[in-house]
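Asks: I'd like to ask some things about the structure below.
The values are calculated or read from the model by the stated rules, or taken from the named source; none is laboratory data. The shown structure was predicted, so the numbers you read here are calculated from the model rather than taken from an experiment. Reconstructed Cβ throughout: ideal geometry from the backbone, glycine too, with neighbour counts over all protein chains shown. Each accessible area value is taken on the protein alone, full model and side chains, heavy atoms only, with ligands, DNA and RNA left out. Shrake-Rupley method; radii C 1.70, N 1.55, O 1.52, S 1.80 Å.
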Amino acid sequence: MKYQDVLIDLGLGEVINESSGLAVHTPIDGSELARVAMTEADKMPAIIAQAHDAFVQWRSVPPPRRGELIRLLGEELRRDKEKLGRLVTLECGKILSEGLGEVQEMIDICDLAVGQSRQLFGLTIASERPGHRMAESWLPLGVCGVITAFNFPVAVWAWNTALAIVCGNSVIWKPSEKTPLTALACLQIFMRAIQRFGEAPDALLQVVVGDAKIGEALVESPRVALISATGSTRMGRAVGPRVAERFGKCLLELGGNNAMIVAPSADLDLALRAITFSAIGTCGQRCTSLRRLIVHESIYEDLLPRLKQAYSSVKIGDPLQPDTLVGPLIDHASLARMQQAIDTAKSQGGVVHGGQVVSDDAGCYVEPCLIEMPEQSDIVRQETFAPILYLMKYQDMDEAIDLHNDVPQGLSSCIFTNDVRESETFLSACGSDCGIANVNIGPSGAEIGGAFGGEKETGGGRESGSDAWKAYMRRQTSTVNYSKELPLAQGVEFDL
């Protein structure tokens, strides 16, 4: 098996020898990496029960001690960064520097979570009653179900798990069926951290591999306190209502249709670099990929040829090679959706540059595509998970912001301008309606310290930094009466 050594180095030797189960293929050349045993649906109640028992034990461990486990996990990830980064590239097709960068994201969130373990603080609240003290506490939530997508097969899991663990919870992880090997490798790495840590429940982290039935078992179980699901808006529409029906908590990270406004005062050299990476990085398969470019009419004819030149110069091919910038699409279904979107854009007046299939025999390789659109038509308002960038003109900032916001999704956004009024307007209540808004930087490549997530059909969830940790805990307001009286709130009198 061509890539067998990578799997063995990460402790997945037994996976290679599976004679049946889920076949996992690399998008690099379509070859089979391994066959993975799938979780049986009827085993899910027992798995969830084990996770609940682990939570009951873990919630009593002091938070700084929980943080020590995550510190050890960060050490183990540092040790295996090269190996795990290479497996990310093998399994999902992003270029190697991006695979390594994804593991670095995991290390960064571990560092953040270790510090957070000593700062799970609430508030002291002024009471209107004499001799009373009010306070707010944050307490462990329960079992957290984490459902991840193929395009960031390990980083998004780490965002959730590092915080969930320091907050006192257990985790059941369902990775994409396209990328289970990275999940199983992370489980091995996590278990090494547990062995070094000492006393911790074995079922603190479990990985389940399977189809929609496995996800449904997590979504529908009342013992799973939180479902954190990353994927399409269609998936979110299925998950959200079912979790709400049982009054569970849901953290949704769904579709993006991210735009950049390029203003007349923009540094076009800077904008060109940001456009190119944001639109074609990960072969356009990021939820934060740049999909719409809204350019002022006075600079449109200057920017377009420079952008076409940049697109034609990128190397497309094997993502393990150091000079490759564009790897493959994940599979033939993604290729078909890209071709369909291009055809639809043409029918709606689009002028297409690039987008040709380079190879679809031993991997789906395509040219990044630029499409000049006369307006923001229906296809532009949809998210196509591929390297397609729609270009449109605008005359004034109000028009640009209207175009920017006139899509169902609301994840990430940016403007390139050296005009402080334009930048501040874009960041104001009258500007971008997205969860992430940047000035003179592209929409992709979010840092760990900020909360990550979006509005509208992106789902409203927040992960990673800032106060995103609160999603993994329950809030409790308490009042202590240390007086000898029993005054009622709001001056109510109830004397017997």
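Asks: Would you be able to tell me the number of residues in the range 287-326 that are basic (K, R) and either closer than 30 Å to A149 by Cβ or touching a Phe, Trp or Tyr at 6+ places or on another chain (Cβ under 6 Å) (or both)? Spell out the reasoning first.
Replies: First, pick out the residues of the range 287-326 that are basic (K, R): 291-292, 306, 308, 315.
Imposing the further condition that a residue be either closer than 30 Å to A149 by Cβ or touching a Phe, Trp or Tyr at 6+ places or on another chain (Cβ under 6 Å) (or both) reduces the set to 291-292, 315.
The qualifying residues number 3.
Asks: Which one of these is part of a helix (DSSP H, G or I) and crowded, with 18+ Cβ neighbours inside 10 Å: A49, A54, A34? Spell out the reasoning first.
Replies: Values: A49 fails: crowded, with 18+ Cβ neighbours inside 10 Å; A34 fails: part of a helix (DSSP H, G or I).
Selected residue: A54, the only one of A49, A54, A34 that is part of a helix (DSSP H, G or I) and crowded, with 18+ Cβ neighbours inside 10 Å.
Asks: Next question, about the same structure. Determine which member of the set S347, S334 is modelled with pLDDT of 95 or more, surrounded by 20 or more Cβ atoms within 10 Å (Cβ to Cβ) and farther than 24 Å from L272 by Cα. Give the derivation first.
Replies: Working: S347 fails: surrounded by 20 or more Cβ atoms within 10 Å (Cβ to Cβ).
S334 is the lone residue from the list that is modelled with pLDDT of 95 or more, surrounded by 20 or more Cβ atoms within 10 Å (Cβ to Cβ) and farther than 24 Å from L272 by Cα.
Asks: How about the range 332-375: which of its residues are charged (D, E, K, R) and either touching a Ser or Thr at 6+ places or on another chain (Cβ under 6 Å) or in a helix (DSSP H, G or I) (or both)? Steps first, answer last, please.
Replies: In the first step, residues of the range 332-375 are kept if they are charged (D, E, K, R); the result is 337, 343, 346, 360-361, 367, 372, 375.
Residues satisfying the conditions are R337, D343, K346.
Asks: Of the residues that sit in the range 141-158 and are open to solvent by less than 20 Å² (accessible area, probe 1.4 Å) and not aliphatic (A, V, I, L, M), which one is farthest from E102 (Cα to Cα)?
Replies: This residue is G142.
Asks: Residues to consider are V243, V171; find the one that is farther than 28 Å from D433 by Cα and open to solvent by less than 10 Å² (accessible area, probe 1.4 Å). Steps first, please.
Replies: On the way: V243 fails: farther than 28 Å from D433 by Cα.
Matching residue, one of V243, V171: V171.
Asks: OK, next. With respect to E40, determine if the residue is of a type outside the set (V, I, T) and surrounded by 15 or more Cβ atoms within 10 Å (Cβ to Cβ). Quick ask: steps written out before the conclusion?
Replies: On the way: of a type outside the set (V, I, T): yes; surrounded by 15 or more Cβ atoms within 10 Å (Cβ to Cβ): no.
No; evaluated as a whole, the condition is false for this residue.
Asks: When only residues in the range 301-331 that are β-branched (V, I, T) and outside any loop (DSSP other than H, G, I, E, B) count, which is surrounded by the fewest Cβ atoms within 10 Å (Cβ to Cβ)? Write out each step before concluding.
Replies: Keep residues of the range 301-331 that are β-branched (V, I, T), which gives 314, 316, 324, 326, 330.
After this cut, where a residue has to be outside any loop (DSSP other than H, G, I, E, B) as well, the list is 316, 326.
Details: I316: 19, V326: 25.
Of everything passing the filter in the range 301-331, I316 is surrounded by the fewest Cβ atoms within 10 Å (Cβ to Cβ).
Okay, residues lined up against (1) under 25 Å from A400 (Cα atoms); (2) surrounded by 22 or more Cβ atoms within 10 Å (Cβ to Cβ); (3) out of contact with any helix residue (DSSP H, G or I) (no Cβ under 6 Å at 6 or more places or on another chain):
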position	(1), (2), (3)
M191	no, no, yes
L205	no, yes, no
S221	no, yes, no
T230	no, yes, no
C250	no, no, no
L254	yes, yes, no
V262	yes, yes, no
A266	yes, yes, yes
S278	yes, yes, yes
